[in-house]
1. Once both axes come from the Cα atoms, what is the angle between helix 274-287 and the longest principal axis of the chain, in degrees from 0 to 90, rounded to 10?
2. Arranged from highest to lowest average of other beta-carbon atoms within 10 Å per residue, in what order do the peptides 124-133, 67-76, 216-225, 164-173 appear?
3. If the chain between Ala65 and Met169 were fully stretched, how many nm would it gain, using 0.36 nm times the residue separation less the Cα-Cα distance?
4. What is the order of Ile36, Ile6, fewest Cβ neighbours within 10 Å to most?
5. Once phi is turned into ³J(HN,Hα) by the Karplus curve 6.51 cos²θ - 1.76 cosθ + 1.60 with θ = phi - 60°, what whole-Hz value does each residue of the range 81-96 show in order, with x for glycine and proline?
6. Rounded if a/c is under 1.5, else prolate if a/b beats b/c, else oblate: with a ≥ b ≥ c from the C-alpha gyration tensor eigenvalues square-rooted, which is the range 102-250?
7. Whole Å is fine, so just give me how far the alpha carbon centre of the range 69-130 lies from that of the range 173-238.
8. At a 10 angstrom cut-off on C-beta neighbours, averaged per residue, how do the peptides 188-195, 134-141, 116-123 rank from highest to lowest?
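What follows is calculated from the coordinates using simple rules that are stated; it is not laboratory data. The structure presented is a predicted model; accordingly, all values stated were derived computationally and were not measured. Here Cβ is always computed from backbone atoms with ideal geometry, including for glycine, and neighbour counts include all displayed protein chains.
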Amino acid sequence: MGRIVIALGGNALQENPKDTSAEAQLKTCRNTAKFIVDIVESGNEIIIAHGNGPQVGQIVSTYEAAAQQDKSIPIMPFPECGAMSQGYIGYHLQQAIRDELRVRNIKKEVATIITQVKVSQDDPGFLNPSKPVGSFFSKEEAEMLEKEKNYVMKNDANRGFRRVVPSPMPLEVAEEKVIKTLVEAGHIVITVGGGGIPVIEEHNILKGVPAVIDKDFASEKIAEILEADMLLILTAVDKVAINYGKEDEKWLDEMTVSQGEEYIKQGHFAPGSMLPKIKAALAFVKSKDSRVAIISSLNKAKAALDGNEGTRII
Ligand code: ADP
Ligand code: MG
């Protein structure tokens, strides 16, 4: 029993990537809530973080398409799209978890915090924007957006041009005191959705920036801030593997920090998917002696907490 930050991967929100409807997302969230409330029922305090890739992409693309059709519709800035995705996903998760708590007669409340995460203007990520967001554009449209909107556009695997944004590291969570207060009062908080809305602080003023903070790194940050005992990263695989997808693939029950660092050097973890999870897990475990991280799937989460599933990073 303890305080656990649960980082939900994309598959916990959208089961079928082809069905991006709100109905499908709510249905998936209702299923996800069952596994989450199992963890609450065993006496743990939980904080939920989640991704937003497909959802923020959908919001950005919809505004872009509307603006192309009707010039009077303004393009929605990226930080605002991130805020909308936090609200949209948070709404589904908080409703689903609330209802599941009620079904089981657990007297707990759940709420989403629109979360801003401070990043540094000097983050090296700003020098090399690489995370594609939104729709595909023609070369001519891309050039116009670069001129008029200051976007950085890149040819995405010859499928067309897409806007790319930087991926800076999270430094601080602007709402950390509010989150702490709610957690300490026994409430379930959904926070740092999509890694949080990236903001830069200048002379005490926060300004949203077009960027994407990796949700695995933001989850690690909030876990440290809340002095959690565990970071539980739930994704599409039950365990972490070395030689993933190869003939000599080996699924790991346990991984020490030094093994993890060695495996990173040997290139076992794909950048952009498993690598940030491993880095987040290692950072959390290194931050204090008693801290543990587990990487597993939603279905196996309970078994992973009991030590019978998942990869435990120690
Ligand atoms: P999420 O939405 O949970 O962040 P990602 O797709 O970003 O999901 O990352 C999870 C994926 O990482 C898995 O589905 C798997 O295909 C991939 N992956 C890459 N390297 C490994 C590895 N070494 N062991 C296990 N899975 C890996
Ligand atoms: Mg991911």
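1. The angle comes out near 50 degrees.
2. Values: 124-133: 15.6, 67-76: 11.2, 216-225: 25.7, 164-173: 20.1.
Result, highest mean first: 216-225, 164-173, 124-133, 67-76.
3. The Ala65-Met169 span can extend by a further 34.4 nm.
4. Working: Ile36 25, Ile6 28.
Lowest count first: Ile36, Ile6.
5. Along the range 81-96, the couplings run 5, x, 4, 4, 5, 4, x, 5, 6, x, 4, 5, 5, 6, 5, 5 Hz.
6. Working: a/c = 2.15, a/b = 1.36, b/c = 1.58.
Judged from the Cα gyration tensor, the range 102-250 comes out oblate (a/c at least 1.5, b/c at or above a/b).
7. Each part reduced to its Cα centre gives a spacing of 11 Å.
8. Values: 188-195: 28.8, 134-141: 15.4, 116-123: 18.4.
Packing order, densest peptide first, comes out as 188-195, 116-123, 134-141.
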